[in-house]
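Asks: I'd like to ask you about the structure that follows.
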Amino acid sequence: MKEQGRKVIATNRRARHNYTILDTYEAGIALVGTEVKSLREGKASLVDAFATVDNGEVWLRGLHIPEFSHGTWTNHSPRRIRKLLLHKREIDRLVGKSREGNQTLVPLSMYFSDGKVKVELALAKGKQDYDKRQDLAKRTAEREVTRELGRRVKGMR
């Protein structure tokens with residue numbers, strides 16, 4: 001699956017359902033060789049992943065990259081903590097915004113861009129159950145409107 005010259009490895013589809021996305025960032029990720037080989041096979045899971053800022057560095061936790069199938073004793077640990085590569089001013093901006101309120105850093109997708117692995121990171125705020133229901137109702141209403149317009153154009157009603 002190609003999008004804008006990038007090959008998507010994994011996406012976190014639940015993130016847009018559970019969180020309101022406020023801002024997005026693109027970050028590099030520090031990996032070892034067997035992790036990259038496993039990612040080239042298209043294996044990764046962002047389901048439980050989140051990012052934290054510790055001592056001026058951003059760390060991705062909970063990302064699952066399974067061991068490389070043809071690896072040896074040099075294989076990586078599947079759920080190890082990985083460092084995200086961002087500019088200092090971006091990290092400072094993230095620290096400032098995350099301290100403002102109950103906001104979190106959630107990875108939205110992971111992809112190859114020019115041979116390098118990148119992570120699309122979002123500054124997000126958690127949704128309550130009623131927010132999720134409102135979004136679902138809004139999507140359903142929009143779908144009904146487009147369906148009805150399509151019927152009218154075709155002359156069915």
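The values are calculated or read from the model by the stated rules, or taken from the named source; none is laboratory data. Please read these numbers as outputs of a predicted model, since none were measured by experiment. Reconstructed Cβ throughout: ideal geometry from the backbone, glycine too, with neighbour counts over all protein chains shown. Accessible surface areas use protein heavy atoms only, side chains included; no ligands, DNA or RNA. Shrake-Rupley method; radii C 1.70, N 1.55, O 1.52, S 1.80 Å.
Asks: For segment 29-46, which positions are in contact with a Leu (Cβ under 9 Å, 6 or more places away or on another chain) and either open to solvent by 10 Å² or more (accessible area, probe 1.4 Å) or of a type in the set (Ser, Thr, Tyr) (or both)?
Replies: Ile29, Ala30, Leu31, Ala44, Ser45
Asks: Any chance you could count how many residues in segment 56-70 are in a strand (DSSP E or B) and surrounded by fewer than 18 Cβ atoms within 10 Å (Cβ to Cβ)? Lay out the reasoning, then the answer.
Replies: Kept after step one, since they are in a strand (DSSP E or B), are these residues of segment 56-70: 57-61, 64.
In the following step, the residues that additionally are surrounded by fewer than 18 Cβ atoms within 10 Å (Cβ to Cβ) were identified as 57, 59, 61, 64.
Qualifying residue count for the region: 4.
Asks: Residue under question is Tyr25, and the condition is that it be within 30 Å of Leu136 (Cβ to Cβ) and either open to solvent by less than 20 Å² (accessible area, probe 1.4 Å) or free of Cβ contacts under 8 Å to residues at least 24 places away in the same chain (or both); does it hold?
Replies: Numbers: within 30 Å of Leu136 (Cβ to Cβ): yes; either open to solvent by less than 20 Å² (accessible area, probe 1.4 Å) or free of Cβ contacts under 8 Å to residues at least 24 places away in the same chain (or both): yes.
Criteria met by Tyr25.
Asks: Another question, if that's okay. Looking at the structure I just gave you, is Lys116 farther than 13 Å from Thr24 by Cβ and surrounded by 14 or more Cβ atoms within 10 Å (Cβ to Cβ)?
Replies: Numbers: farther than 13 Å from Thr24 by Cβ: yes; surrounded by 14 or more Cβ atoms within 10 Å (Cβ to Cβ): no.
Criteria not met by Lys116.
Asks: For segment 108-157, which positions are at pLDDT 80 or above and either over 27 Å from Asn12 (Cβ atoms) or assigned to a loop (DSSP other than H, G, I, E, B) (or both)?
Replies: Asp114, Gly115, Glu144, Val145, Arg147, Glu148, Leu149, Gly150, Arg151, Arg152, Val153, Lys154
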